[in-house]
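K.L.:
Got a structure for you, questions after.
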Amino acid sequence: MSKLPSMKTVSDRGVTGPATDSSELNDQLVHALEGAGRITSPEIAAAFRATPRHLFVPDVELREAYRDDYQPTERDGDGRLLSSVSAPWLVAQMLEYLRPQPGNSVLEIGSGGYNAVLLHQLVGDAGAVTSIDIDPVVTERARRCLRAAGLEAAVRLLTGDGAQGVPDAAPYDRIEVTVQAAAIEQTWLDQLAPGGVLVVPLRVRGLGRLVALTRDGEGHYSGGGWLPCGFVPMRGEAASSTQMHALIPGARVRVDGTQPLDTEALTKALDTTGSPRWSGVEVGASEGTRPVIDLWFATVLDTYGTLLTDPKESALQALPGGTPLTWNTDSTAAAYVTMRPVEGQSGRYEYGVIVHGEDEDLAEALVEHLREWGRDHRGGPGPVLHVYDSGTDPATMAPGRALERPGAPMVLTWPKD
Ligand SMILES: C[S@@+](CC[C@H](N)C(=O)[O-])C[C@H]1O[C@@H](n2cnc3c(N)ncnc32)[C@H](O)[C@@H]1O
């Protein structure tokens, strides 16, 4: 096991009440994160223990600062979240994906102060942490918190569009994007050192997933991870292209990129009575197959969206949290994934599809995709994301689903082993 870097406990000036309160609360938080498997490495546990979170959310009550939840710090005029100090479980999970090493140079995109200090604890004085946020209100706030913690010099804090990275301190051994990205920016790849790791909450065909990519070859980066996660969307020149379309009452579809979609025709199709087809693929409720199934369909379907319904308003049997939806080229037929309980077996469910409109091929294809997943990929390692430098010849890329977006080309593959 690698030696723990020597960590300095940050001073907790500004705490009301006995200083031990915050360290006890922090300790309880770290225990809970370890218990939940969010923290597995001793280095990351030690960095959390050495960093008093309340100094980075000074406007909330002490206990609240150590609750395992995000803390909103800025909203727009319509109440939409623009910035937050991320939830400890997600901060921990991202650091586990990133694994910064002592001496590393790290770039954080999206600032708050807290995560930057954790990064500083992990890379030590021999390393360097640069953090950039598009919003001067955020960087000013982070600067005040760092100052209060006596750590202003530990992090280089900049205001600007993180889509450009920070070229003057490149290359970075680690780049951590802490805002939802619609694409992998070529600038991030250009600024990543050979063997370096990029962690990013990415929108993959509309699904929010955390991925870790390693620069593992000339112009090639690959990885996975796939933890479902929500983040505030990126602002600036690389803002998200995800769109939400209202369909029949209580039903909406979230789609990404350019796809042939006629929402009027799709609404008409969903207004007809749906008919079920069952796949014979049975799963246990605790198997956690839902996020994997969503990614599988995002890979294999040409037209793909996430159907979101409000069960109080809609009779569609969509799965809670959103379900894969596909449609034919003129949007006159649609099919979505559903589940039904397996009779006599508590906690077991069978995957199936509900088809609206006349298109037998669409229905059959969806059921066949479920069976293929059950046969070849269930319980497997999950998909691999391949990213290539812009301008790479598509003929040299891995065979799989090319993800259409403006940044670096991406291909999603599903290895069988
Ligand atoms: C979830 S917060 C970051 C949390 C922070 N890393 C922490 O320590 O908890 C996401 C931040 O990304 C910022 N952001 C949005 N678009 C950006 C962009 N294009 N470049 C840099 N920052 C951006 C937002 O202003 C927001 O402050």
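K.L.:
Has segment 220-237 got any residue that is within 16 Å of the ligand (Cβ to nearest atom), small (Gly, Ala, Ser) and surrounded by fewer than 16 Cβ atoms within 10 Å (Cβ to Cβ)?
P.N.:
So far as segment 220-237 goes, yes, one or more of its residues are within 16 Å of the ligand (Cβ to nearest atom), small (Gly, Ala, Ser) and surrounded by fewer than 16 Cβ atoms within 10 Å (Cβ to Cβ).
K.L.:
As an exercise: evaluate Asp389 against (1) closer than 21 Å to Leu295 by Cβ; (2) in contact with a Gly (Cβ under 7 Å, 6 or more places away or on another chain) and give the number of the one condition it does not meet.
P.N.:
(1)
K.L.:
Which of the residues that make up segment 145-157 are closer than 21 Å to Gly103 by Cα, of a type outside the set (Gly, Ala, Ser) and either assigned to a helix (DSSP H, G or I) or within 12 Å of the ligand (Cβ to nearest atom) (or both)?
P.N.:
Across segment 145-157, the qualifying residues are Leu146, Glu152, Val155, Leu157.
K.L.:
Among the residues in segment 231-239, are any within 20 Å of Pro406 (Cα to Cα), assigned to a strand (DSSP E or B) and among the basic types (Lys, Arg)?
P.N.:
no
K.L.:
Cβ-Cβ below 6 Å, separation at least six or inter-chain, first residue in segment 73-101 and in the same structural domain as Phe231 (by TED's automatic domain parsing) and free of Cβ contacts under 8 Å to residues at least 60 places away in the same chain, second within 12 Å of the ligand (Cβ to nearest atom) and among the hydroxyl-bearing types (Ser, Thr, Tyr): which pairs?
P.N.:
Short answer, once both residue conditions are applied: Val85/Tyr114; Ala87/Tyr70.
K.L.:
Tell me which strands (runs of 3 or more DSSP E) are completely within segment 274-380 and hold 3 or more residues being farther than 24 Å from Leu412 by Cα and modelled with pLDDT of 95 or more, or say none if there are none.
P.N.:
The strands (runs of 3 or more DSSP E) meeting that bar are 275-284, 334-341, 348-356.
K.L.:
Residue pairs, Cβ under 6 Å, 6 or more apart or interchain, first in segment 54-71 and over 15 Å from Ala149 (Cβ atoms), second assigned to a loop (DSSP other than H, G, I, E, B) and among the hydroxyl-bearing types (Ser, Thr, Tyr). List them.
P.N.:
Going by the 6 Å Cβ cut-off, the qualifying pairs are Tyr70/Ser86.
K.L.:
Another question, then. Given the conditions (1) within 12 Å of the ligand (Cβ to nearest atom); (2) more than 17 Å from the chain's Cα centre (by Cα); (3) buried (at least 22 other Cβ atoms within 10 Å of the Cβ), and given that Tyr172 satisfies all but one, which numbered condition is not satisfied?
P.N.:
Tallying (1) within 12 Å of the ligand (Cβ to nearest atom); (2) more than 17 Å from the chain's Cα centre (by Cα); (3) buried (at least 22 other Cβ atoms within 10 Å of the Cβ), Tyr172 fails exactly one: (1).
K.L.:
Further question on the same structure: Which one of Glu176, Glu264 is outside any helix (DSSP H, G or I) and either more than 30 Å from Ala128 (Cα to Cα) or in the same structural domain as Gly165 (by TED's automatic domain parsing) (or both)? Talk me through it step by step, then tell me what you get.
P.N.:
Numbers: Glu264 fails: outside any helix (DSSP H, G or I).
Answer to the check: Glu176.
The values are calculated or read from the model by the stated rules, or taken from the named source; none is laboratory data. The structure presented is a predicted model; accordingly, all values stated were derived computationally and were not measured. A quick note on method: Cβ atoms are made from the backbone with ideal geometry, for glycine too, and the neighbour counts reach across all protein chains shown.
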